[in-house]
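All remarks here apply to the structure that follows.
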C-alpha cells in the first residue's frame, strides 16, 4: 500500500492536500531562513514548525503530514491522531505471512523478520503516526527482545506484544502495566511465566526477575524522585525506593501465572502450566497471544510485603487479587509520573529536559485535568505541546535535543521520499549489525534496552556538563561507519532485500518532487532541509551542500534526455545523502 | 587559584591532555596519567583481556565444592524445583536420553544434568583452608561438565580460580551486612549498577573504567598509534550492555569488527566521487567530522567518526600482513554431549584480539587492554538450557586462544597476554523452580602463561543457606558475602601489567582497606 493513500486516511481538510510538489515548492523558497508557511494554511503553524513537530511526534515529516499539522495546528493534530483507529495489526500481518509462506513451502514458518516487515509497514505507511512513534518509545521502556530464543520462536506473540503497546499508547498506564505484566512474551522474557511459590523445606524461592525489573525499569526506578525527576537525597545520597526484601515480597505476587488455555489444567500429565520446551507439552495456539491465566494452586499464600504494603497470608490463594494490590501500589507510587514522563520526553524530544518540563509532564500523569491519573494520551500531549518542546529557537542550543535513533533515521528517509515496497511486504531484514543500523525493533540486548536513560558517554562535552546522551551508547567506530555506509547504499539502490524473482531491492524511494527542483540547487537543498531538518539546517551546511550539488553539471541537451534525468538524480542523491550524513541532521533539536 | 587548580592546569599542559572533562572530571587520574606516561618504559609487550559475562554467571554451578559436607547441601538445595539444576557428583556416568538416572530417579533429557554426567574434578595446588561452617578435613573441587577444556588448562597450570569475589567498599562480614554497619556498593543485585561496580569501581561515578584508567597510563608509551590501546571487538550482531571498562580519562574504547577486516571503512569517503561529484567525498569527510556545531551532541559525535576514519586504514593494513594474517579461524562451538554446533562468539572475538596482538609490534604498541563479552548469563529460568552452552563457549574459546597465543609467528605470546573473567554478580544458592536470581559474590577465572595456575586464590566459602538449624557464616540469605574484593583482583592484574602501587592506590582508593592488596596469581 502506498504511503500517500494511507496518509489520506488522516482526518484533514482535503483543501490542504495540495500536490506534493506544490507544497514543497511553495514552502522552501527561503534560503538561509525559515521557510514561509503554505499560502492556503489556516493555522499559524509554519511548514518548518510543523516539520519539527513531526520529527518529534512521528517517524518523520512528509508533504502530507506537514500540511495536516499546518491545517489542524499542533493540538488539533494530536487530538485527531489520538482519535484514529489503529492502522493495522502486526499479529494479522504475521499470521497472513505465515499462511502465505506455508502455502509456498509447507513446513515453512515465520521468523522474526516477518515481524520486522510488519514494523516497517506500519512505521512508514501508518496514518496513526503518533501512535507508531509512541509505540516504539514504549517498546524501549517495557522491553522484550527476540534475542531471547524462546521469544523469537513465537513471532505471533512478539507481534501481539507490539500491538498491545500500540493499543495502550494513549490509554491508561495502569492498564498498560497490567497487560505488559500478563503478556506471555513478557512472561517468557522476564521469566514469571510458570513462576512457582517458595518451598520452605528446600529454600526454593520465587523467581525475582520480573519483580525487580518492573520496579527498576518500568515504573518507579531505583531512587525516590521529586516531581521534577531529580532524586531525593538523604545526607547527600539518593534514597532507594526499595530493598531486596521488597523484591522478594513482590516476586511472591508474580507466582501462579502461565499460558492461556481454553481449558487450563493445573496438574498431571496434560497440565498447561509449565513451559512446553521443558515438559514437551504444546500449549494451544492462542497461548502466545492471550494474557496469561492465573493457576491458583501455584500462587504463594504467605504474607507478601513490598513498598510499604503487606498482603496478609491467606488460606486460599488469590493471584488476581494480589496482582491488583501490587499493580495498584506500583501505579500510585509518586515516582511513576516523573520516571515514565521523563523517559517519554527523552524518547520523543530531548535527552535532558529541564526540571520544569519534567514537572509539567509528571503533573499531567498525576492528573489529566479531569482527575484521572496515568492518562498516557494526556502525557504524550504534554510532552509534545510543552513550551520547551515547541520552542523553535533551540536550533542553536548547545544541549537541547537528542541523537536520532538509527531506525528512525531510516524511517525519515522512507517517509520523506515516499518510499514504497514493491512486494507490499517491506522486506527489510534485521538491521542489528553494527555495520548496518545497530538497531532493530524489539531486539535490545537486554531488558536495559539498547541504551539506558541515564547514559552519559565517557570523556565527552555532554559528560562534562553532567548531562546524558542515551543513544550515544551504541555509537562506536564501527557503527558510525555502518550508518554512513547503510545510507549510502540506501541512496544508491534503495533498501531491503529483493522479493523472490527480482533483483531490485524491495523498498524504493520516489524522488520525483526532488528531481523537479534539482535544476536549482538552492531549491533542492531547501526542500531537503524542510523534510529532514525542519528548515533549521545551518547556513554553512546549506552552502556546503548547494556547492556539492552544483558540482554535478547538468548536460546542456535539448530536448531533455535520460542524460539530464541521471544528472538531476545524482544531484538529489548528493543533497539527501550529505544531509543524512551530517552531524547536524543526526542531532534532533 | 588554589594549589590544586594550579597543579591541574600545569599537568594538563604537560601531558597535552584534552580538557574535555569539564569541571566534573576528577583531576586525580590526570595527575596519575601525566606522572607515569613519562616514567613507564615497558620493555616488552603485555596485554590484558577481559572476558565479561553479561547477566551474572551462576558461580555455584561453575566452580563446585565436592567434599561430602559441601556437596550435600548443594545437592539438596539445587536438586529441587520443577526443573532441578543440581549437577551430578564427580564420576557419575552420563545417562542416555530416555533412561532413568540412578542418582535422581528422573528420566534423562539432553538439557538435564543427568545427561551430562559428573562434574569435572580439579585439585588446587595449595589446599584450601576449611572455612567455618564446613565440616571437612580436605576441601575438593570440580568444574561444570561443559568445561573440560578449562579443566585441562587448570591442570596444565595456565588457569587459576579466584573464589568468592565481588565488589566491596570495605571488608564485610555477614553480620555487618545484615546490620548495615559497613557500606556496600550502591544497588547491589541491579545488573546495570553492578556492571558499573565491576568495571569501574569508585571510578564509575566519573564514567571511567579501570581498564581505561590503566590504558591512560600507557598511552604515551604506545606512541603515535595509541588509539589502539583499548580495543573492544564487537560482540556480534548486538550492542553489549554497559561497557564502561575501557573508558579512560583520555583513553577511548576503539571498536573493531570480528571479521578479518577489523575496521568498517566509510565507503563514500574512500570513493573517487560521490554520485559523480568529484569533490563529494572531501565534502562528506569534512562535514561528518565537523566539531564547530552549536550542538554538544554533534561535537561529541564527530570524534568517533574521526577515529573511525583515521584508524581504519592503519589497522586494516596491519592485520593483513605477517603473523596477524595467519591467525587461525575460530572454530565453531560444539556441544560436548550432543554435538550440536554453532558459531562461538567468545572464540570469534578472541580471534580478533589475537590479530591485534600479532599486529601490535608493527603498530608500535607495547601495552593493550581488550574487552570482549558474552551475554545471556541472567539465567532466571531454564538455566539447564542456557548456562551450560555458555560455559562451553567460554571453555572452548579460552582453549582456542591459549593455543593461538602459543605460536604467533613462531613466538609464544601466552606469557604476554593475561585473560580474565568478570560478571555482574553471582546468583542465589537456592533454585527458583528452574533457575537462579541475582546474588553478590562469585568465582572468576584468570588464564595465561604468566598465571600461577592450577590453584584457587581467596577463600572458597561455606555453602548452604540457613536452614534446618544450619547457619552459614558466608551467606546472607541466598547470597555469598564476598571475601575477596574486585579491587584486589584488578590490582593483581594491574601490577603484572606494570601499574605502580601509587597509581593503583589512585585508581582503587578502597584498595587500602584490603590485605593483601594483590592476590598472588600472577
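Give the range B:171-202 a look and list any residue that's part of a helix (DSSP H, G or I), on the phi < 0 side of the Ramachandran plot and more than 10 Å from chain A (Cβ to nearest Cβ), or say none. If you could, list the steps in order and put the result at the bottom.
We begin by selecting, within the range B:171-202, every residue part of a helix (DSSP H, G or I); these are B:174-179, B:191-202.
Next, from what is left, pick out any that are on the phi < 0 side of the Ramachandran plot: B:174-179, B:191-200, B:202.
Passing the criteria: B:174, B:175, B:176, B:177, B:178, B:179, B:194, B:196, B:197, B:198, B:199, B:202.
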| request: Give me a count of the residues in the range A:191-208 that are in contact with a strand residue (DSSP E or B) (Cβ under 9 Å, 6 or more places away or on another chain), facing another protein chain (nearest Cβ under 8 Å), touching a residue at least 12 places away in the same chain (Cβ under 8 Å) and over 9 Å from residue A:256 (Cα atoms). | output: 2
| remark: The number of residues in the range A:142-187 that are within 14 Å of another protein chain (Cβ to nearest Cβ), in a helix (DSSP H, G or I), surrounded by fewer than 24 Cβ atoms within 10 Å (Cβ to Cβ) and modelled with pLDDT of 95 or more is 0
| task | Provide a single number: the residues in the range A:386-398 that are surrounded by 19 or more Cβ atoms within 10 Å (Cβ to Cβ) and assigned to a loop (DSSP other than H, G, I, E, B). | result | 1
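Which of the residues that make up the range B:455-480 are part of a loop (DSSP other than H, G, I, E, B) and either without any contact (Cβ under 8 Å) to a residue 60 or more places away in the chain or out of contact with any strand residue (DSSP E or B) (no Cβ under 7 Å at 6 or more places or on another chain) (or both)?
First, the residues of the range B:455-480 that are part of a loop (DSSP other than H, G, I, E, B): B:455, B:458-466, B:468-469, B:471-474, B:477-478.
If the condition is that a residue be part of a loop (DSSP other than H, G, I, E, B) and either without any contact (Cβ under 8 Å) to a residue 60 or more places away in the chain or out of contact with any strand residue (DSSP E or B) (no Cβ under 7 Å at 6 or more places or on another chain) (or both), then B:462, B:466, B:468, B:469, B:471, B:472, B:473, B:477, B:478 are the ones that fit.
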| If you go through the range A:473-511, how many residues are surrounded by fewer than 21 Cβ atoms within 10 Å (Cβ to Cβ), modelled with pLDDT under 95 and within 20 Å of residue B:266 (Cα to Cα)? | 0
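Here's a check for you: in the range B:304-339, which residue that is within 14 Å of chain A (Cβ to nearest Cβ) and free of Cβ contacts under 8 Å to residues at least 40 places away in the same chain is surrounded by the fewest Cβ atoms within 10 Å (Cβ to Cβ)?
Let us first name the residues in the range B:304-339 that are within 14 Å of chain A (Cβ to nearest Cβ), namely B:304-316.
Those still in the list that are free of Cβ contacts under 8 Å to residues at least 40 places away in the same chain too: B:304-306.
On the way: B:304: 24, B:305: 25, B:306: 18.
By that ranking, first place goes to B:306.
Would you point out which residue out of B:96, B:121 is within 25 Å of residue B:154 (Cβ to Cβ) and either surrounded by fewer than 18 Cβ atoms within 10 Å (Cβ to Cβ) or free of Cβ contacts under 8 Å to residues at least 24 places away in the same chain (or both)?
Working: B:96 fails: within 25 Å of residue B:154 (Cβ to Cβ).
Selected residue: B:121, the only one of B:96, B:121 that is within 25 Å of residue B:154 (Cβ to Cβ) and either surrounded by fewer than 18 Cβ atoms within 10 Å (Cβ to Cβ) or free of Cβ contacts under 8 Å to residues at least 24 places away in the same chain (or both).
From the list B:352, B:381, B:399, B:395, which one is within 14 Å of another protein chain (Cβ to nearest Cβ) and either in contact with a strand residue (DSSP E or B) (Cβ under 7 Å, 6 or more places away or on another chain) or assigned to a helix (DSSP H, G or I) (or both)?
Criteria check complete, one pass: B:352.
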| Out of curiosity, is residue A:260 within 20 Å of residue A:294 (Cβ to Cβ), touching a strand residue (DSSP E or B) at 6+ places or on another chain (Cβ under 6 Å) and touching a residue at least 40 places away in the same chain (Cβ under 8 Å)? | yes
| message | List pairs: first residue in the range A:265-278 and within 13 Å of chain B (Cβ to nearest Cβ) and closer than 15 Å to residue A:297 by Cβ, second residue modelled with pLDDT under 80 and part of a loop (DSSP other than H, G, I, E, B) anywhere in the structure, Cβ distance under 8 angstrom, at least six positions apart or on different chains. | response | A:271/A:281; A:274/A:281
| Checklist (1) assigned to a loop (DSSP other than H, G, I, E, B); (2) out of contact with any helix residue (DSSP H, G or I) (no Cβ under 9 Å at 6 or more places or on another chain) applied to residue A:297, failing item | (1)
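Which of the residues spanning the range B:99-117 are farther than 20 Å from residue B:382 by Cβ and assigned to a loop (DSSP other than H, G, I, E, B)?
B:99, B:102, B:103, B:105, B:117 - these are the residues of the range B:99-117 that are farther than 20 Å from residue B:382 by Cβ and assigned to a loop (DSSP other than H, G, I, E, B).
Within the range B:118-143, how many residues turn out to be in contact with a helix residue (DSSP H, G or I) (Cβ under 6 Å, 6 or more places away or on another chain) and assigned to a loop (DSSP other than H, G, I, E, B)?
As a first pass, look at the range B:118-143 and keep what is in contact with a helix residue (DSSP H, G or I) (Cβ under 6 Å, 6 or more places away or on another chain): B:120, B:122, B:134-136, B:143.
Narrowing the set further to residues that are assigned to a loop (DSSP other than H, G, I, E, B) leaves B:134-136.
Total meeting the criteria: 3.
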| message | Just checking, does the range B:208-217 include any residue being modelled with pLDDT of 85 or more, over 17 Å from the mean Cα position of the chain (by Cα) and surrounded by fewer than 22 Cβ atoms within 10 Å (Cβ to Cβ)? | response | no
| Among the residues of the range A:348-377 satisfying the criterion of being assigned to a helix (DSSP H, G or I) and under 18 Å from the mean Cα position of the chain (by Cα), which is surrounded by the most Cβ atoms within 10 Å (Cβ to Cβ)? | A:376
| task | Please enumerate the residues belonging to the range B:56-85 that are at pLDDT below 95 and touching a helix residue (DSSP H, G or I) at 6+ places or on another chain (Cβ under 8 Å). | result | B:82, B:83
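Would you check if residue A:434 is more than 18 Å from the chain's Cα centre (by Cα), under 25 Å from residue A:351 (Cα atoms), without any contact (Cβ under 8 Å) to a residue 12 or more places away in the chain and assigned to a loop (DSSP other than H, G, I, E, B)? Outline the logic, then answer.
Values: more than 18 Å from the chain's Cα centre (by Cα): yes; under 25 Å from residue A:351 (Cα atoms): yes; without any contact (Cβ under 8 Å) to a residue 12 or more places away in the chain: no; assigned to a loop (DSSP other than H, G, I, E, B): yes.
No; evaluated as a whole, the condition is false for this residue.
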| For the range A:437-471, which residues satisfy the criterion of being at the interface with chain B (Cβ under 7 Å from one of its Cβ atoms), crowded, with 23+ Cβ neighbours inside 10 Å and not in a loop (DSSP other than H, G, I, E, B)? | A:462, A:463
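Which one is nearest to the other protein chains (Cβ to nearest Cβ), of the residues in the range A:533-549 that are without any contact (Cβ under 8 Å) to a residue 40 or more places away in the chain and either surrounded by fewer than 24 Cβ atoms within 10 Å (Cβ to Cβ) or part of a loop (DSSP other than H, G, I, E, B) (or both)?
At the first step, the residues of the range A:533-549 found to be without any contact (Cβ under 8 Å) to a residue 40 or more places away in the chain are A:540, A:543-549.
Next, from what is left, pick out any that are either surrounded by fewer than 24 Cβ atoms within 10 Å (Cβ to Cβ) or part of a loop (DSSP other than H, G, I, E, B) (or both): A:540, A:543-544, A:546-547.
Working: A:540: 8, A:543: 11, A:544: 6, A:546: 11, A:547: 8 Å.
The extreme case among them is A:544.
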| Can you name the helices (runs of 4 or more DSSP H) wholly within the range A:48-129 that have at least 2 residues being within 15 Å of the chain's Cα centre (by Cα)? | A:112-125
| field | Qualifying positions in the range B:480-505 - more than 18 Å from residue B:170 (Cβ to Cβ), crowded, with 22+ Cβ neighbours inside 10 Å and over 16 Å from the mean Cα position of the chain (by Cα) | value | B:499, B:503
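The values are calculated or read from the model by the stated rules, or taken from the named source; none is laboratory data. For clarity, every value in this text was computed on a predicted model and none was experimentally measured. A quick note on method: Cβ atoms are made from the backbone with ideal geometry, for glycine too, and the neighbour counts reach across all protein chains shown.
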